[in-house]
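Reading through the structure tokens given below for one structure.
Please treat every number below as a calculation from the coordinates, not as lab data. Nothing here was measured: the structure is a model prediction, and the numbers come from that model. Please note: Cβ atoms are built from the backbone with ideal geometry, for glycine as well, and neighbour counts cover all protein chains shown.
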Amino acid sequence: MNDVRRLKILVADDTDTDRLILESIVRKEGHHVVSACNGLEAIQVYSAEKPDIVLLDALMPELDGFGAARKIKELAGDELVPIIFLTSLSDTESLVQCLDAGGDDFLSKPYNRIILQAKIKSFNRMREMHSTMLTQRNQIVQYNNRLLQEQTVAKHVFDNVAHSGCLNASNVRYFLSSLAVFNGDVLVAAMRPNGSMMVLLGDFTGHGLPAAIGAMPLASTFYGMVPKGFSMTDILREINGKLKNILPVGIFCCATMMDINFRKKRLKIWNGGLPDCFIHHHQDGNITPVKSTHLPLGVLSNRAFKDNCEYFELQKEDRIFVWSDGIHEARNAEGDMFGEERLKEVFNRNQNPEHLFNEIIEGVQQFVGSGEKDDDLSLLEIRMDEPARVNSFAQEASHKFANSEIEWLMGFEVKPTSFKVFDPLPMLLNVLMEVPSLRAFSSTLYTILAELYTNALEHGVLKLDSDLKKTPEGFSDYYELREQRINQVTEGFVRIRISHKTNDSGGLLKVRIEDSGEGFDHQQRTTDNLSSFGYSGRGIALVEKLCGTVTYIGCGNIVEVDFSWVNDD
Amino acid sequence: MEHLDYETLNTLKQVMEDDFALLIDTFVQDSTDRIATLRKVIQGSDADLIRRAAHSFKGSSSNVGALQLSALCAALEKKAFENNLDGLVADLDSIEQEFAQVLNLLRSFS
């Protein structure tokens, strides 16, 4: 026998001689033969023996070959059972009838052994290919089912991390559509402690799992930081840095982030890579587009990242529309894109702003028609409203912040034994950084505290003369003397008092530092001539620049500065 | 036309080996039955029955290389198909004579 393995072959023929000949030929080829004398018997033998290939005479009593072929194909189901018709019919119509009945080929009488052998070989090859295909198809189905199951679990986790936050507020409407279980778009929203709402719409390059992976750290960072009162720029930086670290080159997140203050009717917005957002003005129906002025999140290192935002004063009922490029790039059956012009047309035609949101969705869906949706389509509308009408959180926070101010004071004294070993600045700065709004000013505050404390310690407690520093030799003498005295000091103090009070537009931080020294004649100090001033002039000039004024009190051993800051949220 | 195609017969003999005699016996028995069947159906006027009987006989005789017999059956099949039922008795007589010839030649072949 050759390369064809031993097959089981059914021979069905009512003519005894023909069947005898065929049986002998097939057996000679090394195959196992089962026989039938008519169509009905052929079906019975097929069911009992499950042969690999069927040779079927066309004309037989009881049930002819055509009927038997149909039944056998039906019984075979997915399996490929090649049926070869045996026929002395030679007209085209009869041969076509053989194939129509489900026959795969025919063999004319008188039988030719070589041809039959070739046909058996060729159909066995086809049968094996078909069986491989079935196995692989089943594997794919199985694999696909497992994938879907895994995605369902993963999506559950994902939805818990990237939950919709406060998107259920009464002034928010949103639409997210997705091609797969996962969405390349991410929409998160949360309330800040001050009652303003922070929202971020992001569109990751690609969709499915790779896109969803980036959405997880984005959402967890967002939901971790917003309720703690971090500013939008801090949060943007944190997310950008995380995505830059995590995501491979080429995967990034186009995003728009907004801080909407309902009490002050202000919008702070940052757009990196998303299409222009629209601010729809209720009064005149005009639109102010907010262009992307930044690169997407996860592209630049935090050093190069730009976090400057735009600010808009809004009126009640003004609406902000933010979208991913899925709307602009939605294609119709002809392959045209929806585009910004059509989007603007929706706004132009609008009669009632309340319906704008639905009109945009409908506009895109009608345009796409039966065309294929080839991107994620996301739309977000936020309406400016009174805090009380947004949600209960905004209402409460609004009461709290509008009617009361936060005020505190702390005193801190450094004792003589600590001067040489203890630097109070990091600790004080740490306390200040607990105030969210002050975080943005950390380096300024450090400069102010450092200059004032150094002056109090060196000139007040250690009584060093700043005139020494006027010459280069004096400079090193000064630090030698400083080293000596700080090791010997046994009495004296530096008292630091910091008070903070917020107001509607920001806050005021007062720093007062008193030392145990003799002070100096501060009356002689003129603001326009700092060099004539007895103390080391440059440090105080810097503090003065940062705080507006530096006030000396008493004999000059007490200094006070006011640092007032404006909240840009 | 030859009565027998010996090339076909030789191939068959090779293929069938010990069963060749059985094949010939079967053919003889089968053909005798078919001629009897034909004899019966040409009495009636069912052209399709005649056509089918002639068709089967054509197939089995061609398989053993009985060329002339197969051709005569084919002619009868064609007549029945065209619903031409004239002279069928004479046609069947020729078939029977040819079968007798084939029978003699087959006996001497094996």
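The table below gives the values:
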quantity: Computed over the range A:162-397, Cα set: Rg, Dmax in Å; calculated: 17.0, 52
quantity: Average partner coverage of B:57-68, which counts Cβ from other chains inside 10 Å; calculated: 5
quantity: Order of B:Tyr6, A:Tyr478, A:Tyr446 under a 10 Å beta carbon neighbour criterion, fewest first; calculated: B:Tyr6, A:Tyr446, A:Tyr478
quantity: Principal axis box of the protein assembly as shown, alpha-carbon based, largest edge first, Å; calculated: 154, 66, 38
quantity: The range A:296-440: projected area of the alpha-carbon convex hull, averaged over directions, in nm²; calculated: 15.4
quantity: Relative exposure of B:Ile95, A:Ile361, judged by other C-beta atoms within 10 Å (fewest first); calculated: A:Ile361, B:Ile95
quantity: Average partner coverage of A:23-29, which counts Cβ from other chains inside 10 Å; calculated: 3
quantity: Relative contact order computed over chain B (Cα-Cα under 8 Å; 6+ residues apart), in percent; calculated: 34
quantity: Amide H partners (placed H, <5 Å) of A:Gly506, local residues excluded; calculated: A:Asn567
quantity: Of the GluC sites (Glu not before Pro) in the range A:460-519, those whose Cβ has at most 10 other Cβ within 10 Å and which sit in DSSP loop; calculated: A:Glu491
quantity: Spatial extent of the range B:6-109: Rg and Dmax, with the Cα atoms as the point set, Å; calculated: 14.1, 43
quantity: Leading residue at positive end of dipole, the range A:461-502 (Cβ point charges), from A:Ile496, A:Ser466, A:Gln484; calculated: A:Ile496
quantity: Greater than 26 Å apart at Cα, pairs in A:Lys264/A:Lys545; A:Lys400/A:Lys501; A:Lys119/B:Lys13; A:Lys264/A:Lys400; calculated: A:Lys264/A:Lys545
quantity: Part-to-part distance (alpha-carbon centres) for the range B:36-110 and the range A:255-280, which is given in Å; calculated: 96
